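Right, one structure below, let's go through it.
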Amino acid sequence: MSAFVGKERRFTEPVLVKVSQDANLEKMGFITQKDLSNLGIPKGKVAVYLPHSYNFSGNLFIVAVENITPLTAHPAEVMKFIVSAGVTSVDGKQAQQPVEENG
């Protein structure tokens, strides 16, 4: 649970992930790792956690950076929006740094 709330939270970079090149469908999630070279995954890809609505489970996807759009909303508000299946509104804004390829 500390990954979701408190001082040790890890979901601090909310993003939209383009699910398919053919469909205009995106999912909201959080970047969890930007450097995946220790797994043998090349530069230009990041790990993104996509939470499920009405649940505290989700999926981890490896996503090409060009398929990610950073969100400016506060991470806690984005998590609340996702978990509530979009029923809640997102209040407040927090500037986010753009996603960059691994150095």
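Amide H contacts of Ala73 (H built 1.01 Å from N, in plane; Pro and chain starts excluded): Gln94 sit under 5 Å, all sequence-distant by 5 or more or on other chains. Think of the stretch 14-83 as a dipole: +1 on every Lys or Arg Cβ, -1 on every Asp or Glu Cβ, centred on the Cα centre; then among Gln33, Val17, Val63, Gln33 lies furthest on the positive end.
Once the gyration tensor of the Cα atoms in the stretch 14-83 is diagonalised, the equivalent ellipsoid follows with semi-axes of 20, 14, 12 Å, ordered largest first.
Since every read-out is calculated from the coordinates, none of them should be taken as a lab result. In this text the structure is predicted, and so the values were computed from the model without any measurement. No Cβ is skipped: glycine too gets one built from the backbone with ideal geometry, and neighbour counts run over all protein chains shown.
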